[in-house]
Amino acid sequence: MNIFCKKHILLLVLLFCASLVIATGCGKKGPPTLRAFAQPEPIREIRAVHRDGKVNISWSYNNANQHIVISGIRLYRAEGSNGYVEIAKLPAGARSYADANIAYDKQYRYKLRVFTARNIESGDSAALAVRPVSPPEVPSGINYRIVGNNIEIEWDRTDEGTFFNIYRSAAKGSYQSAPVNEKPLSRPYFRDTLNLRAPVYYVIVAVKQTDIANESGLSAELVIDPKTFTPKPPVDLRYVRSGNRGYLTWKDSEEPYVKGYRVYRRKEPFTRFELIGEVNVPVYLDEERVGSRTTYRVTAVGPLKESRPSAEVGAGQVAE
């Protein structure tokens, strides 16, 4: 008598194959490679500045071995002669840290280590020793003047030995970490090229240098907007008659933001001056016959604003 049918035989074959797969450990991972235990390169460059009551530490890092996956960065600090203690564990992409737990006139040492997913640490970065001190006063009394194509910024002098950094931006309240001056300024003065196309913003920071730069807070923001520039009135306005024509001349403005001039005429005393022309050179020809009671004046025109009028000049002859 045949006990097993074809369906039973097929089921037994499938069960046997499944047991072979389990027995051979399908998908089992091999042993880790030596690369997984390689030590990452250390951080080479570390720097700091004392700002806003914190030691602001920053660094650069380039993972030269792309087979090593960096998981994070550990920051260690030592106070005085004590040993190093880990004070922060940072993500792999971190490039700065602000240590607010500091006291003035106390020595601190910092170092960094990179670590991998298997917690393999790099060697130490170069050690950074700092001693923050009380920062200088915030610069005040800021003013500026335009000289030719330049702008000159000045502010109140502070304690002897204080230096200054000036920061510039095209956007209000947003400044890069690096100042516009190449090295700290020893006196409260900075000269920059005048920008006539858009507003420019400046702030100033006072710096007391020890083994670390100790910076004051930001000064009040100085905005230099060409739209607010008011030209000086034209000077040396003269009238010369030649036949039926009258020529007006005046001294050309030295202000680089002056776009042109407006000429006004009044034919009778105690009447209003009327605009009769606009020119971009300091010469105007009036071809209309005028009487001896006629007077002229000229204004300079800036990006948005117009100067006060010049001194008046009379035609000085009787109309024919």
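The values are calculated or read from the model by the stated rules, or taken from the named source; none is laboratory data. No experiment lies behind these values; they were computed from the predicted model shown. Don't worry about glycine lacking a Cβ; one is built from the backbone with ideal geometry, like all the others, and counts go over all protein chains shown.
Structure above, values below:
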{"item": "Failed item, numbered, when residue 162 is tested on (1) in contact with a Pro (Cβ under 6 Å, 6 or more places away or on another chain); (2) free of Cβ contacts under 8 Å to residues at least 40 places away in the same chain", "result": "(2)"}
{"item": "Region 121-138 - residue that is among the aliphatic types (A, V, I, L, M) and surrounded by fewer than 15 Cβ atoms within 10 Å (Cβ to Cβ) and, of those, nearest to residue 204 (Cα to Cα)", "result": "129"}
{"item": "Where a residue in region 178-193 is within 13 Å of residue 207 (Cα to Cα) and not assigned by TED's automatic domain parsing to the domain that holds residue 155 and its partner, wherever it lies, is among the aromatic types (Phe, Trp, Tyr) and modelled with pLDDT of 95 or more, with Cβ under 6 Å and at least six apart", "result": "none"}
{"item": "Spans of strands (runs of 3 or more DSSP E) in region 228-320 with at least 2 residues modelled with pLDDT of 95 or more and not aromatic (Phe, Trp, Tyr)", "result": "245-249, 260-266, 274-279, 283-286, 295-301"}
{"item": "Criterion violated by residue 91 - all others in (1) surrounded by fewer than 12 Cβ atoms within 10 Å (Cβ to Cβ); (2) modelled with pLDDT under 95 satisfied", "result": "(2)"}
{"item": "Residue within region 85-98 that is in contact with a Lys or Arg (Cβ under 8 Å, 6 or more places away or on another chain), in contact (Cβ under 8 Å) with a residue 60 or more places away in the chain, in a strand (DSSP E or B) and among the acidic types (Asp, Glu) present", "result": "no"}
{"item": "Number of positions in region 201-212 that are surrounded by 19 or more Cβ atoms within 10 Å (Cβ to Cβ) and either within 14 Å of residue 169 (Cα to Cα) or free of Cβ contacts under 8 Å to residues at least 40 places away in the same chain (or both)", "result": "3"}
{"item": "Residue within region 64-80 that is modelled with pLDDT under 95, part of a strand (DSSP E or B) and closer than 23 Å to residue 214 by Cα present", "result": "no"}
{"item": "Selection within region 103-124 - closer than 28 Å to residue 71 by Cβ and either within 29 Å of the chain's Cα centre (by Cα) or among the aliphatic types (A, V, I, L, M) (or both)", "result": "110, 111, 112, 114, 117, 120"}
{"item": "Among (1) surrounded by fewer than 18 Cβ atoms within 10 Å (Cβ to Cβ); (2) closer than 20 Å to residue 299 by Cβ; (3) not polar (S, T, N, Q) - the single one residue 226 does not satisfy", "result": "(1)"}
{"item": "In region 226-251, the residues that are free of Cβ contacts under 8 Å to residues at least 60 places away in the same chain and in contact with a Phe, Trp or Tyr (Cβ under 9 Å, 6 or more places away or on another chain)", "result": "236, 240, 247, 249"}
